[in-house]
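First up is the structure itself, then whatever we jot down about it.
Quick note: the coordinates plus some simple rules give every number you see, no bench work behind them. Since the structure is predicted, the reported quantities are computational estimates derived from the model, not experimental observations. Backbone-built Cβ (ideal geometry, glycine too); neighbour counts: all protein chains shown.
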């Protein structure tokens, strides 16, 4: 059997790009298909989103040869402060107490994507089709075929394995007719950046409110990235109103722990749902990252979970290939899916549980969660366990 490539990766963003880099040192023949030109991706507002990188994720990025180059653009998180608006409960985590340089780092998606693009261009065994749109996909017992359209030219390439890493609106998932389970939270994330009159001291704040969590993440130049969850109706009103009204309500919600807040970036709104694909594999095609799961941003776990999809797949592909075995064989891919489902279920259950526990006005739950936060703040062992989970250092993947 003659195939054009060993692996075709659809999507050159965070997940797809990292997977290609993880396989670049092997003799696997790799093709990467990306719908948007690099200039389009760089100019996209999605590149402005702040990612909270867990400590475990830093290790993975370092192993990919990415971290040292992007570290100067990342802001370390030295402290995490968790509170419940209008209630007594709070807990505080410290990198110094845990004996680590940082509990995590905050960086824009664009900073990582730009460096990934540079590395992909320098990799001799990676062929890029960009911009190219996927218009068809099929799988047989021996190969998977991908139909592409570049400008007015159509072509077909095939491989032993196709990986869909093309995000929440995945063309691969849609073409394979993979359904989704969707839980609408009735919430919208309002995302922006603010300047504070008091130094953030590399502290990340997570404040739970009845309408949803408010996070302020430390970034460069004394600024903080804001992810403010409101009900759908409240968010619509805040986006329709003036910037002054928006900032007045944000200030009221967060308080003056960082002094006065000043808007320094446009406001953007993103409806929030828990979305999971009903399947991860069809024949010789598998989907990873946001093509499989989209989480509530409450614990900042979306990118970290997706990167673990990448690393586990890369490790198992290399083992399979080194052993001279078929990297698209059904049993091999099924074993990968089962391995990842454990991590998916754990993280998604945790984030979904947080929303149900904190985004409500139940007095009974308020007493329970605030008592829990208070006890947690006074139990070093429990705080250390929580910190390690937040850093991704206690994850079995």
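What ranking, highest mean first, results for peptides 77-83, 22-28 when packing means the other Cβ atoms within 10 Å averaged over each residue? The partial results should precede the final answer.
Numbers: 77-83: 20.6, 22-28: 17.3.
Highest to lowest by the protection proxy: 77-83, 22-28.
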Original post:
Rounded, prolate or oblate: which fits region 55-131, taking a ≥ b ≥ c as square roots of the Cα gyration tensor eigenvalues, rounded meaning a/c under 1.5, else prolate when a/b beats b/c?
Top reply: prolate
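Using per-residue counts of other Cβ atoms within 10 Å, averaged over each peptide, order 52-63, 320-331 from highest down. Can you show the working numbers first?
Values: 52-63: 21.2, 320-331: 13.8.
So the order, starting with the most tightly packed, is 52-63, 320-331.
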Subject >> Rounded to 10°, Cα long-axis angle of helix 14-23 versus longest principal axis of the chain >> reply: 50
**OP:** Bin all alpha-carbon pair distances of the chain at 10 Å intervals from 0 and give each bin's fraction as a whole percent.
**Re:** 5, 22, 31, 24, 13, 5, 0
Subject >> Label-point gap, in nm, between residue 335 and residue 180 - each point 7 angstrom along Cα→Cβ >> reply: 3.1
**OP:** Round to the nearest 10 and give me the degree value, 0 to 90, for the angle of helix 380-390's Cα axis relative to the longest principal axis of the chain.
**Re:** 40
**OP:** Mind pulling up the Rg/Rh value for region 107-187? Radius of gyration and Kirkwood radius, both on Cα.
**Re:** 1.03
**OP:** Determine one quarter of the surface area of the Cα convex hull of region 1-149, which equals its mean projected area, and express it in nm² to one decimal.
**Re:** 12.8
Subject >> Separation between Cα centres of region 124-176 and region 1-68, rounded to whole Å >> reply: 15
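Grab the eigenvalues of the alpha-carbon gyration tensor for region 185-271, scale each by 5, take roots, and send me the semi-axes largest first in whole angstrom. Mind showing how you got there, number by number?
On the way: eigenvalues 83, 36, 25 Å².
They are 20, 13, 11 Å, listed from largest to smallest.
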Original post:
Once region 160-221 is represented by equal point scatterers at the alpha-carbon sites, with solvent omitted, what log10 I(q)/I(0) does the Debye formula produce at q = 0.23 Å⁻¹?
Top reply: -1.01
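Using 0.36 nm times the number of residues separating residue 156 and residue 319, minus their current alpha carbon distance, what extension gain do you get? Each step should come with its number before you reach the end.
Working: separation 163, 0.36 × 163 = 58.68 nm, distance 2.81 nm.
Length gained, residue 156 through residue 319: 55.9 nm.
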Subject >> Spin-label zone in region 187-223 - amide nitrogen under 17 Å from a point set 7 Å from the Cα of residue 81 along the C-beta vector >> reply: 194-209, 214-219, 222-223
Original post:
Hey, can you rank 170-182, 205-217 by average C-beta count inside 10 Å, highest first?
Top reply: 205-217, 170-182
**OP:** Along Cα→Cβ, 7 Å out, is where each label goes; now give me the distance between the ones at residue 140 and residue 59 in nm to one decimal.
**Re:** 4.3
Subject >> Distance from region 316-348 to region 243-258 (C-alpha centre basis), Å >> reply: 47
Subject >> Relative contact order of the chain, defined on C-alpha pairs under 8 angstrom at six or more residues apart (%) >> reply: 21
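Using helices alone, what [θ] at 222 nm do you get for the chain, with -39,500 (n - 2.57) per DSSP H run of 4 or more residues, divided over all residues and rounded to the nearest 500?
Values: 13 runs with 148 residues, N = 397.
Helices in the chain give a 222 nm mean residue ellipticity of -11500 deg cm²/dmol.
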**OP:** Sticking with the crude label model, points 7 Å out along Cα→Cβ, report the distance from residue 260 to residue 345 in nm, one decimal please.
**Re:** 5.3
Original post:
So what's the angle, to the nearest 10 degrees on a 0 to 90 scale, between helix 109-121 and the longest Cα principal axis of the chain?
Top reply: 20
